Amino acid sequence: MAGVRVNVNVGVLGHIDSGKTALARALSTTASTAAFDKQPQSRERGITLDLGFSCFSVPLPARLRSALPTSHPAAPETGPEPGEPQLQVTLVDCPGHASLIRTIIGGAQIIDLMMLVIDVTKGMQTQSAECLVIGQIACQKLIVVLNKTDLLAEGKKQAAIEKMTKKMQKTLENTKFRGAPIIPVAAKPGGPEAPETEAPQGISELIEVVKKVKSMQMFHMPVTSAMQGDRLGICVTQFDPKLLERGLVCAPESLHTVHAAIISVEKIPYFRGPLQTKAKFHITLGHETVMGRLMFFSPAPDNFDHEPVLNTFDFSREYLFQEQYLCKDLEPGSTGSDQATEKAGQATEGLCPRQQWALVEFEKPVTCPRLCLVIGFRLNADIHSNMCRLAFHGILLHGLEDKNYTESLLPKLRVYKLKHKHGFVERVIDDYSVIGRSLFKKETNIQLFVGLKVHLSTGELGIIDSSFGQSGKFKINIPGGLGPESKKILTPALKKRSRASKGEMAKQEESAERQEPAQHVTLSLSFKRYVFDTHKHMVQSP
C-alpha cells in the first residue's frame, strides 16, 4: 500500500469576492500553472476568469483504506511518513462572476464535493444561490465555508457567526444538503493587501471536515495512468504547443458526436417563467455549452403515473406533445400546466406526469458521453437581477448522430398532438344522413377527413362521407340511424299553413328543409396527428 494516493476533487464555488481563491491558496500546498488567478487577464481585472487547480494531501483515514486493493497489507495510520497512503484533495477554484456561469457549470461536473464559500458579512447572494442549485444537480456532498470572519467586530464575532450559521442551516433545510457542515474561517485575514505573514484562521478545522468525505473518484500513484476528473500534466518532447488544439481524451466508443438528443428533463423550481416548446436555451453537456431548441413531450395521459426511467428511452411507446413543460407549481389560469394541458388536448384534470422528456436540437454538433448530465440556462438574462438563470437539468438518454436525423431518425419518435374540432349539424337529409358545418374552413380539403368518426351531442356516431357544396359543409353518414329524440330536435316545425295555396305550401316545405334545427346539435371530431409523420396522417382510436 506504500505510495498509494487517493484523489478527491473539491469544487470551491460562491459569489464573486467571497474569497474563494484566497481559501484555495490557504489550503493548498501544490499549485498548477492555472492556480490562483495567474493569467494576466485575471490579475488585470482582479477576478477569477477560468478554473484554477491546486491540491493538498493528508494521511488517508483508516476507514477509507478498506476500499483500496487487498493485495497490499493495511498500513497503520501513524502519521504522514514517506510512502504512507495519502488522500490528495484537488481544489477546483471556480469563477464567481455571473457572466462566467458556463465555466462554473463545467467545473461543477468534475467535482466530488462542493465547498460553498459565503462572505459571512453578506450571507447568501445571487451567485451563491445559483452555485447551490448547481451543487444539488452535480454533486452529493457539500461543506459551507463562512469566510472573512476577521471582518467581524471582535466582541460580536461569535454571535454573528452563530446567526449566519442558523441562516445557512435554514437555507439548506429543504435541499439534499440538509445538515451539511458549516465552518467559519478567515482565509486571508486583513484582506488582499494584508502581508503574507498573517496566518489563515480555521483552515485546520476545515481540512478535518474534508477528510471525512466518503464519495470519491480514485486513482493510484505514481501517475502512470489517470482517471476522469484528474488534473494531469503531460510532457511531450520536440512538440510545438501552438499546434495543439483543445480536445478530449477518451476510451474508444465512449464519446459520440450528436446533432440532437432526447433527454429526460426536470425544471429547476427557482427558475421563473415557463419552459416552452421551440424556446432556445444555453445547454451544457459533456464539456461544451451550445445553444439548443427544445420540444417537450410526456407519456400518454393514461401513463402519467408510471415510474420514471432515467437510463433508457423507449421508441416503441407513444408520447404526447406539450406546448411547454408541465409544472405542478403553476397557478391555474396562468400560462402554466392548465393552459398547456388544454392546448395539448388532454383531459388530465390538472395532473402532471411523473416524467417528461425533451428533444433538443443543437445549433452545432456536440461531443459527449451517453447518460451525461444536461443543464439548461439563460445566459442572456440580466446578470444583475435577483433571479435564477438555471432553468432545467436532465440526463442525455439518446443522441442523434446522423446529421440528417430529421429524415432518418425523427419519424421513429412517436410524439403526437391531440386535435379537436367542433361544428354543428345544419340539417337532416334523412334518418341516416345529416349535413354538417363549421367544422372546417372553406379552403380545407375535406377529402382528407373522409372516413373519420364524429360524435353528435345527441349521442349518435357519424362518419364523414363527403364534402357538400363549396363552403366547407360536409355530409355525415349515421350508420345506426338517428334516434326518435334526435329527430325531434333536428327536424324544424313547419309554419302553419292555414288558407295557404298549393304554391305557398310548396315554398314553406322548401324553406323548412333549409331551416336549422330547433336547437343546436354539435359535432366533435378528435384525432391524433404525429409530429414527425411526413405524410401528416390523421389517426383515430378504434
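Every number in this text was worked out from the coordinates using simple rules, so none of it is lab data. Note that this is a predicted model, so its numbers are computed, not measured. Note: ideal-geometry Cβ built from the backbone for every residue, glycine included; neighbour counts use all protein chains shown.
If R0 is taken as 45 Å, the Cβ-Cβ distance between LYS403 and ARG5 corresponds to a FRET efficiency of 0.55.
Protection proxy ranking of 273-284, 160-171, by the mean of other Cβ atoms within 10 Å over each peptide's residues and highest first, is 273-284, 160-171. Residues of region 377-418 with backbone nitrogen within less than 18 Å of a virtual label 7 Å along the Cα-to-Cβ line of THR367, please, listed as ranges. Answer for this model: 399-403. Computed from phi, the 3J(HN,Hα) profile of region 152-168 under the Karplus parametrisation 6.51, -1.76, 1.60 (θ = phi - 60°) reads 7, 4, 4, x, 10, 4, 4, 5, 5, 5, 5, 5, 5, 4, 5, 4, 5 Hz, with x in place of Gly and Pro. The gain in end-to-end length when the ASP50 to ASN386 segment is fully stretched comes to 118.6 nm, 0.36 nm per residue minus the alpha carbon separation. Residues whose amide H comes within less than 5 Å of that of VAL92, counting only those at least five positions distant or on another chain, are VAL10, GLY11, VAL12 (H built at 1.01 Å from N in the peptide plane).
For CYS388, the residues 5 or more places off, or on other chains, whose built amide H falls under 5 Å of its own are ARG272. Please go through the residue pairs LYS122/LYS167; LYS421/LYS536; LYS267/LYS417; LYS441/LYS475; LYS141/LYS176; LYS122/LYS170 and name each one whose alpha carbons sit more than 18 Å apart in this structure. Too far apart for the 18 Å limit: LYS267/LYS417.
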